[in-house]
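The values are calculated or read from the model by the stated rules, or taken from the named source; none is laboratory data. On a predicted model such as this, the values are computed, not experimentally measured, just so you know. As a convention, Cβ positions derive from the backbone with ideal geometry for all residues, glycine included, and neighbour counts pool all protein chains shown. Only protein heavy atoms, including side chains, enter the accessible area calculation; ligands, DNA and RNA are left aside. Shrake-Rupley method; radii C 1.70, N 1.55, O 1.52, S 1.80 Å.
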Amino acid sequence: MPLELSETTATLSDVVTVDEVEPLVAWLRITSKPKVNLRRCNHLHTGALQALLLFQPRITSSPTDAFLATQVLPLLRGSSGGPVLPESEPP
Amino acid sequence: MTTVMLVDDSATMLMSLKSILTKAGYTVETAGHGKEAMDKLSKGVKPNLIISDVNMPQMDGITFVREARKAPGMRFTPMLMLTTESEQTKRNEAKTAGATGWLVKPVAPDQLLGVIKQVVPGA
Amino acid sequence: MNPLLAQFLAEAADLLSQVDEGLLELERDPSDPELVNEVFRAAHTFKGSSGLFDFPELTRLTHAAEDLLDAVRSGKLSLDSGMTDDLLAAFDLIRGWLAHVTTHERLPATAGPAGQSLIVKLRGPLGGEQATVNPDVAAALAGPVIDRAPDWLALFDPEWLEKTATWLSSTSATMRFVRFTPDQGCFFRAEDPLHLVSQVPALAKLDLIQPFEWPPAEEYDEYACLIGFALATRAARGELDYLFRYVPDQIEIVELNGDAIHRYVAGEEPPQPRADEAVVAAVAQSHTENLELARDAHAILAAAQRSLALEGSVSGVRLSAVARSVAAAAAALGVPVDTADPDVETLKAQVANLLTEVRPTPADAPPTPPPPPPAERAPVDRGRADDPGGQVGTRILKVDQEKVDHLMELVGELNVAKNGLTFLADAAEEEFGSRVLSRRIKDQYSGLHRIAEELQAAVMDVRMLPLSVAFSRFPRLIRDLSRRLGKTVELVTEGEDTMADKDVIEALGDPLVHLVRNSLDHGIETSADREVAGKPPAARITLTAVADGDAVIVEIADDGRGIDPAKVKHKAYEKGLISEEELETLTDSDAVDLVFRPGFSTADQVSDLSGRGVGMDAVRASVEKLGGAVTMRSQLGRGTSTRLRLPLSMAVTQVMVVSVAGQRFGIPVDLVVETVRVPSAELGRVLHQDVVVLRGEVVPVIDLARALDMPWTPDPAADRAILIVSMHGQRVGLLVEQFHREVDVILKPMEGLLAYADEFSGTALLGDGLVLLVLNMKEVLSLAARAQ
């Protein structure tokens, strides 16, 4: 299951496709202090990323996937008040 | 399990693409033209990717893509058109109709498999 | 021959005749767009398929022909007889090549020059052969072109930009910067921008382009893509072009070196035209682009605000860089601000102002105009009055197959509605006590019944085609193959004017080809062998069709060496298909039947001719799918004949209705041998299998309810109703609850949830409105076998 929803935490794993976007958004709409676990997530559909940007849930676990961890997570942290400008070494 | 639906009026093309995909572990559904493919979609076949020729009798590929987008569960399914080098305008038409991208015939196995990975996350 | 090539050659023959026919008709009526389209499509398919093989001359020639036809199709050229000649010549040449390919699996050595001269002719009307200059090669030779830094570079963190610029300068390297702005509806083309971004090789930096303003949660449309990306990568330009090739309109790529970035950060770069006037013009031009620009501008302003807020005291070059991007963004929004001599506080205020003042609400977004409805493309049946080639005296109407199919469906529904009248008649008598009304309804029914039957017959007649349609490919096939094998074969066809339903004719094609190839390959001896055997040197293959009541019988007979039953038995035994006991006891005719067993024909007898990966078991399966049967007789040394018996029409099926556990099912009547009732005590049991003894023969009995997994306990005192069916000459009894009548039904394929339930071959609507499931006996029997 790419998307598992509990009362306060959404666990995203494997490949999160566009099919998961609607339930995720519906859950984010009704959940007051949502937490999202991305640890086992390998891919996030753009629509899911967008939803996380809009609703700004707390990201409780960093993804193990390299691309998500190094490139996408900073974007999420940046928008939710974390360190805005992550360091990235020039090549 | 990723299912790919191939739509082409050329049995040769179907056969060659099908053998590439089957060897790569995909499940393959085939149809000889757009109508037949629509039929399969309406009967509950739910591919993760559709690859369709452009020029076909009965229902051409672009009309097919436009129709297929409306079929149940096909709203967000990647669809690729099989085109030739000279069919530039067709590609734009296809995109307007809802196609995700295209392949250029003849399709080399590596290229085909690469494109599938590109457009189907997790394939 | 490799099966793909064989398939291509078979398909090519069809395509070639389509092209020839089309071109000749076109010459008569050059203005018919449908004709041009048909010919073009055939040529097009040809080219596409030919590209799968290593026949470059063939691909080039078909390509040239296709281009010419495309120009005709699009109205750029009108077809004259000179062009038609060239096109016909091209396809004649191709036909010759393919004949060569059939025997040698390669093109003739002369293909290159012969093809080239025709290519020149075909390209003539198009303005000659194009010079091929590859712009990419030219570009690569010139080295990378350094672009000007775009204003959206402000999306990146200035500090990172500076560090990167320094690094690039000291290594004289360049980097590609990409701005990726997907359109709102992109998810509906199954695009996933982040997935594309994740595939960017050597990604150095990724930043977001956020919407100008997020819509409130309750109005948020999760399927509208509102975000975009800006990224920096060391991937080559070509890699990026390839990756983003499906979305070129959403992508802007610039190539920058350290200097360009430095100049940008230092604010020394002269403003890009895009940043002011051009941008404003573009805004006026298109509302959609306006939104996109506004989104960019907002993102830039937000980034500026972030860096101003964060760094506390921004000064020097950094400050002027920020100021420049603010100015550019402001200009793009149509609210120019003066940032000539910036200080942090003014700039902060200006940014804040801009951000609050210019807020496009979602309502500003113009509804994307719905795509124009696709033009109706009803197939046009052109009158043929002007066609000089038409027959004199008979007027032939060309009708779309689908229309005939539709007619057939309507007839089926009429039958159902008609049958409803008998129920009404019964009700009139039983419920309303009016025998008179009942009789009058029955009279009406019989009148309607007669008309419905005639209508059905008339529609079936329209669907009938002569067997000659299926036979027509064989003279050429046999001629070609026999020459190749060095055998002399004469083909005799009889009864070609026998008619059968179009679906039957179509479905007959493949099994027939297989059987004829088998005959040629295995059955027929060489002339020398034949003379030794005292036969005439020329072998004979006879294709015969005769009508037999509701069926058509097609027979393929040869006078070849026949099948050796002993050899077949031995081979079947080696392959483990029969037991040692069967090896001893099987009769010769049963032995011949072994060739239909799955797994019998395998590699060692697969030849390049008949070995197409299908054996006789596939032939039998495909004939049985049509509701037919295959039998084979062979006499050693005298020849083999294979007989296909097929229903004349697949449209109407006669089924016997039975019920099991209260539910009714249909069973195709041609499988039913008889119905018997036996006292339950006479049912015996042999090796866990219920059996019944009928006239001395032991027949296995299957409980249909159990096979279909339906709960049912028969009344122990009552007689057992057993339906005897025959499958492959084997008798099997089906234990059912009750027999009902036989009915004619129009079988419809299974749909929806049941589409994969193989135990049913289709559904039919009964007169009383009930849906009848028709059993696929083969599957039911194997289900029963598995259940035991």
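Within the stretch C:185-214, track down each residue that is within 14 Å of chain B (Cβ to nearest Cβ) and in contact (Cβ under 8 Å) with a residue 60 or more places away in the chain.
Once the filter is applied, which keeps residues that are within 14 Å of chain B (Cβ to nearest Cβ) and in contact (Cβ under 8 Å) with a residue 60 or more places away in the chain, the stretch C:185-214 yields C:185, C:186.
Select, from C:482, C:438, the only residue that is modelled with pLDDT under 85, open to solvent by less than 30 Å² (accessible area, probe 1.4 Å), of a type in the set (S, T, N, Q) and more than 23 Å from residue C:15 (Cβ to Cβ).
Unique residue meeting the criteria: C:482.
Filter the stretch C:40-78 down to the residues that are open to solvent by less than 10 Å² (accessible area, probe 1.4 Å) and among the charged types (D, E, K, R) and list them by number.
C:66
Which residue pairs have Cβ atoms under 8 Å apart, sit 6 or more places apart or on different chains, and have a first residue in the stretch C:103-118 that is part of a loop (DSSP other than H, G, I, E, B) and a second that is open to solvent by 30 Å² or more (accessible area, probe 1.4 Å)?
Pairs found: C:105/C:1; C:106/C:100; C:107/C:57; C:107/C:100; C:108/C:96; C:108/C:100.
Taking residue C:229 as the residue in question, decide whether it is open to solvent by less than 50 Å² (accessible area, probe 1.4 Å) and under 19 Å from residue C:151 (Cα atoms). Step through it out loud before you land on a result.
On the way: open to solvent by less than 50 Å² (accessible area, probe 1.4 Å): yes; under 19 Å from residue C:151 (Cα atoms): yes.
In short, yes.
Any idea how many residues of the stretch C:193-226 are open to solvent by less than 10 Å² (accessible area, probe 1.4 Å) and acidic (Asp, Glu)?
0
Being among the hydroxyl-bearing types (Ser, Thr, Tyr) and open to solvent by 40 Å² or more (accessible area, probe 1.4 Å) is the requirement here; does residue C:493 meet it?
Details: among the hydroxyl-bearing types (Ser, Thr, Tyr): yes; open to solvent by 40 Å² or more (accessible area, probe 1.4 Å): yes.
So residue C:493 fits the description; yes.
When you go through (1) buried (at least 18 other Cβ atoms within 10 Å of the Cβ); (2) more than 35 Å from the chain's Cα centre (by Cα); (3) part of a helix (DSSP H, G or I) one by one for residue C:487, which number turns out not to apply?
Failed condition: (3).
Hey, does the stretch C:135-150 have a residue that's within 14 Å of chain A (Cβ to nearest Cβ) and at pLDDT 80 or above?
Of the residues in the stretch C:135-150, the ones within 14 Å of chain A (Cβ to nearest Cβ) are none.
Checked the stretch C:135-150: no residue is within 14 Å of chain A (Cβ to nearest Cβ) and at pLDDT 80 or above.
Out of all the residues in the stretch C:3-17, is one or more touching a Gly at 6+ places or on another chain (Cβ under 9 Å), surrounded by fewer than 22 Cβ atoms within 10 Å (Cβ to Cβ) and within 11 Å of chain B (Cβ to nearest Cβ)?
yes
Determine which member of the set B:82, B:17 is touching a Ser or Thr at 6+ places or on another chain (Cβ under 7 Å), within 11 Å of chain C (Cβ to nearest Cβ), in contact (Cβ under 8 Å) with a residue 60 or more places away in the chain and open to solvent by less than 50 Å² (accessible area, probe 1.4 Å).
After applying the criteria, what remains is B:82.
Taking the stretch B:46-61 on its own, how many of its residues are of a type in the set (A, V, I, L, M) and surrounded by 24 or more Cβ atoms within 10 Å (Cβ to Cβ)?
Result for the stretch B:46-61: 4.
Would you say residue C:476 is of a type outside the set (A, V, I, L, M) and within 44 Å of the chain's Cα centre (by Cα)?
The answer is yes for residue C:476.
Restricting to the stretch A:25-47, count the residues that are away from chain B (no Cβ under 14 Å) and either assigned to a loop (DSSP other than H, G, I, E, B) or within 12 Å of the chain's Cα centre (by Cα) (or both). Write out each step before concluding.
Residues of the stretch A:25-47 that are away from chain B (no Cβ under 14 Å), as a first pass: A:25-39.
With the extra rule that they be either assigned to a loop (DSSP other than H, G, I, E, B) or within 12 Å of the chain's Cα centre (by Cα) (or both), the set shrinks to A:25, A:28, A:31-39.
The number of residues fulfilling the criteria is 11.
Can you tell me which of C:503, C:529 is open to solvent by 30 Å² or more (accessible area, probe 1.4 Å), assigned to a helix (DSSP H, G or I) and farther than 29 Å from residue C:408 by Cα?
C:529
Any idea which residue in the stretch C:169-184 is farthest from residue C:243 (Cα to Cα), counting only those that are away from chain B (no Cβ under 11 Å) and in a loop (DSSP other than H, G, I, E, B)?
C:172
Counting just the residues of the stretch C:233-255 that are among the acidic types (Asp, Glu) and under 37 Å from the mean Cα position of the chain (by Cα), which one comes out most open to solvent (accessible area, probe 1.4 Å)?
Filtering first and then ranking leaves C:249.
Considering the stretch B:17-31 alone, what residues qualify as being under 13 Å from the mean Cα position of the chain (by Cα), assigned to a strand (DSSP E or B) and not small (Gly, Ala, Ser)?
B:28, B:29, B:30
Residue B:71 - would you say it is in a helix (DSSP H, G or I), of a type outside the set (Val, Ile, Thr) and open to solvent by less than 30 Å² (accessible area, probe 1.4 Å)? It would help to see each step written out before you state the result.
On the way: in a helix (DSSP H, G or I): no; of a type outside the set (Val, Ile, Thr): yes; open to solvent by less than 30 Å² (accessible area, probe 1.4 Å): yes.
In short, no.
Is the stretch B:89-106 home to any residue that is away from chain A (no Cβ under 14 Å), part of a loop (DSSP other than H, G, I, E, B), open to solvent by 10 Å² or more (accessible area, probe 1.4 Å) and under 19 Å from residue B:18 (Cα atoms)?
yes
Given the criteria in a helix (DSSP H, G or I), under 21 Å from residue A:17 (Cα atoms) and either among the aliphatic types (A, V, I, L, M) or within 14 Å of chain A (Cβ to nearest Cβ) (or both), does residue B:117 qualify?
On the way: in a helix (DSSP H, G or I): yes; under 21 Å from residue A:17 (Cα atoms): yes; either among the aliphatic types (A, V, I, L, M) or within 14 Å of chain A (Cβ to nearest Cβ) (or both): yes.
Yes, satisfied.
Could you grab me the full set of residues in the stretch A:7-24 that are part of a strand (DSSP E or B) and within 12 Å of another protein chain (Cβ to nearest Cβ)?
A:14, A:15, A:16, listed by residue number.
Taking the options C:118, C:87, name whichever one is closer than 23 Å to residue C:10 by Cβ and either open to solvent by less than 70 Å² (accessible area, probe 1.4 Å) or β-branched (Val, Ile, Thr) (or both).
C:87
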